[in-house]
Amino acid sequence: MQSKILSRRDLEFVLYELLEVGTLTSRPRYADHTRETFDAALDTCERMATELFEPHYRKSDQSEPRVYIDDDGSERVRIIPEVKQALQAFCQAGLMAAGQDYDLGGMQLPTVVNAACFAWFKGANVSTAGYPFLTIGNANLLLAHGSRQQIDTYVRPMMEGRFFGTMCLSEPQAGSSLADIKTRAEPQPDGNYRLYGNKMWISAGEHELSENIVHLVLAKIPGAPPGVKGISLFIVPKKLVNTDGSLGERNDVALAGLNHKMGYRGITNTLLNFGEGKFKPGGRDGAVGYLVGEPNRGLACMFHMMNEARIGVGMGAVLLGYTGYLHALDYARSRPQGRPPGAKDPTSPQVPIVEHADVRRMLLAQKSYVEGGLALCLYCARLVDEQKTSEDQAAREEAGLLLDILTPITKSWPSQWCLEANNLAIQVHGGYGYTRDYKVEQLYRDNRLNPIHEGTHGIQALDLLGRKVGMDGGRAFSLLLERMAETAAEAQASESALRKQCAEALTAAALEVGTTTRQLLASKDANLMLANASAYLEMLGHVVIAWVWLRQAVIAERSLVTAQGDDAAFYQGKLQACRYFFRYELPKTAAQHGLLRSLDPTCLEMRDAWF
């Protein structure tokens, strides 16, 4: 029976046909791998996700984490036992370190294959998958910016699954405005620090799932420059670690409460107090912290984890939309209701609702969003491999440029449109979709967080238009348009009239994007230029997905020539989804170009008193 978490056939198409990950095995880092080892890893993850993560998806939502008072008087969190059982199996399988070096206990899987493997867990149970997701990101940051001692003390236990990790950025009074954080780090005679402050919205901030929790905390050292230029980054473990690696006394990190969310209920989301005096390591107040990297360079270090997390959030949004689509498709095929509009006999058997054109429209929309989003997210993971392992310096630089400009799009576009896929999945189910009897309502609630996670649409839009498209003389933006032109030229050479039409449409859309972008960047009023940045993000995101779909269609058309049976149907489905996106979705960008070029001040000029 085909999985309703994710289409394995689509995953293999993106990996092996679109992204050609098999070619990575010629590189020294991946020389021990073959397609067989990649497939074996995917098999393991699909099986574990299906057997251990998906079964408690609903239970962890209905029985969300609760606070209890421990024997020492501290507040702890109780979580259903299935979460720990699933995560223990995940760690025992070596999956926490799957993409890491051999000397860290890793498998040295390519980033793109590792992302495809982890997709199964996000689709099966996004809350439980959040614990390793954060831990892996935490470890990757320390591998890039931490000292050898910090790596040995904290990263190795995380890769073994003994320690889990978090990222502690936001504060109650600051939200996304990190320049306004107040947590302070007082220097100590021993070269370490004592931290005092509060952090809010900290996922996985308290639990009993691991021996220790490694918090990465943004704070300011007294006397540091104001704003973001004065932010430093610290390791603040829940329990101190002795020089021999054993666990020492409890650090002064205390749970102040849980946030009860609309979705993502299975993972703890916490308010943490640092240095409030509930615990006194060394007999005095303050949470012991260890500086990562240089003072006042904390935000630069944290962006390593934040950018990785942004692409990961986009992938999570895709998977929630994807499994919702597969559930809607299964329901539409099995639910008889109504008759075709031309049916003359009112007593004739009802047809499955998949036979109705409007249901097909909703399914096609979902398919175009989720399969387009999956290809984009895995393409970004493939760029990471190119950036890290290509022997061609120019190729590494180009991969980095494309990653820079695509990161805000990859975070935000799936968060908007794969959420819309979940909305349509509910609609396909009709009244049943709005009940808890079917999975799609929970999938929607879980996915609604992703437009907020790791920076809202507005923040990503400001980053894209205010910084990314114009940086380095517009190199990244120009390179992205070049890649679109290459795909359009390849499609233009096709014998298919549809491919030629799509190539012409993409060429025209890219030309419009260039014109709009130049006009916006030429504006002398930054506030006016950025007033409609979210419309720009949505517009460019749609053009990027059109490009991704045309790349898929070129390959599908080529493969269809010799395909038979299920394979032929699969490639036909790809071509039809591409056709849908170009006919129904890409034309939406025309109105956005007009709005953006007009430098419309409507939102900017609105006054609070007028609401």
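Computed quantities for the displayed model
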| read-out | value |
| --- | --- |
| Number of the condition not met by Gln552 [criteria: (1) farther than 26 Å from His457 by Cα; (2) surrounded by fewer than 22 Cβ atoms within 10 Å (Cβ to Cβ)] | (2) |
| Residue in the stretch 408-425 that is in contact with an Asp or Glu (Cβ under 7 Å, 6 or more places away or on another chain) and of a type outside the set (S, T, N, Q) present | yes |
| Residue in the stretch 103-115 that is farther than 22 Å from Arg29 by Cβ, without any contact (Cβ under 8 Å) to a residue 60 or more places away in the chain and more than 13 Å from the chain's Cα centre (by Cα) present | no |
| Looking only at the stretch 19-41, and only at residues there that are touching a residue at least 60 places away in the same chain (Cβ under 8 Å) and either of a type in the set (Asp, Glu) or buried (at least 20 other Cβ atoms within 10 Å of the Cβ) (or both), the one that is farthest from Tyr379 (Cα to Cα) | Asp32 |
| Failed condition for Leu291, given (1) in contact with an Asp or Glu (Cβ under 7 Å, 6 or more places away or on another chain); (2) more than 30 Å from Gln442 (Cβ to Cβ); (3) open to solvent by 20 Å² or more (accessible area, probe 1.4 Å); (4) not in a loop (DSSP other than H, G, I, E, B) | (1) |
| Test: residue in the stretch 572-586 that is of a type outside the set (A, V, I, L, M), over 23 Å from the mean Cα position of the chain (by Cα), surrounded by 15 or more Cβ atoms within 10 Å (Cβ to Cβ) and not in a helix (DSSP H, G or I) | no |
| From Ser559, Ser523, residue being open to solvent by 10 Å² or more (accessible area, probe 1.4 Å), touching a Phe, Trp or Tyr at 6+ places or on another chain (Cβ under 6 Å), hydroxyl-bearing (Ser, Thr, Tyr) and in contact (Cβ under 8 Å) with a residue 12 or more places away in the chain | Ser559 |
| Condition broken by Leu595, with the remaining ones in (1) within 26 Å of Ser494 (Cα to Cα); (2) part of a helix (DSSP H, G or I); (3) not basic (Lys, Arg) satisfied | (1) |
| Residue tally, condition farther than 21 Å from Gly161 by Cβ, polar (S, T, N, Q) and open to solvent by less than 10 Å² (accessible area, probe 1.4 Å), over the stretch 211-257 | 1 |
| Leading residue by the ranking (nearest to Phe133 (Cα to Cα)) among those in the stretch 187-207 that are in contact (Cβ under 8 Å) with a residue 12 or more places away in the chain and in a loop (DSSP other than H, G, I, E, B) | Ala204 |
| Residues (acidic (Asp, Glu) and at pLDDT 95 or above) located in the stretch 468-489 | Glu482, Glu486 |
| Residue within the stretch 66-80 that is outside any loop (DSSP other than H, G, I, E, B), within 27 Å of Gln442 (Cα to Cα), touching a helix residue (DSSP H, G or I) at 6+ places or on another chain (Cβ under 6 Å) and open to solvent by less than 10 Å² (accessible area, probe 1.4 Å) present | no |
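Matching residues to (1) out of contact with any strand residue (DSSP E or B) (no Cβ under 8 Å at 6 or more places or on another chain); (2) modelled with pLDDT under 95; (3) open to solvent by 10 Å² or more (accessible area, probe 1.4 Å):
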residue: Ala124; (1), (2), (3): yes, no, no
residue: Phe133; (1), (2), (3): yes, no, yes
residue: Asn140; (1), (2), (3): yes, no, yes
residue: Arg148; (1), (2), (3): yes, no, yes
residue: Asp152; (1), (2), (3): yes, no, yes
residue: Pro157; (1), (2), (3): no, no, no
residue: Gly161; (1), (2), (3): yes, no, yes
residue: Met167; (1), (2), (3): no, no, yes
residue: Gln173; (1), (2), (3): yes, yes, yes
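Residue-by-condition table, conditions (1) open to solvent by less than 20 Å² (accessible area, probe 1.4 Å); (2) modelled with pLDDT of 95 or more:
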residue: Ala399; (1), (2): yes, yes
residue: Asp404; (1), (2): no, yes
residue: Thr407; (1), (2): yes, yes
residue: Thr410; (1), (2): yes, yes
residue: Cys418; (1), (2): yes, yes
residue: Gly430; (1), (2): no, yes
residue: Arg436; (1), (2): no, no
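The values are calculated or read from the model by the stated rules, or taken from the named source; none is laboratory data. Since the structure is predicted, the reported quantities are computational estimates derived from the model, not experimental observations. Quick reminder, even Gly has a Cβ in these numbers, built from the backbone with ideal geometry, and neighbours come from all protein chains shown. These area figures cover heavy atoms from the full protein model, side chains too; ligands, DNA and RNA do not enter into them. Shrake-Rupley method; radii C 1.70, N 1.55, O 1.52, S 1.80 Å.
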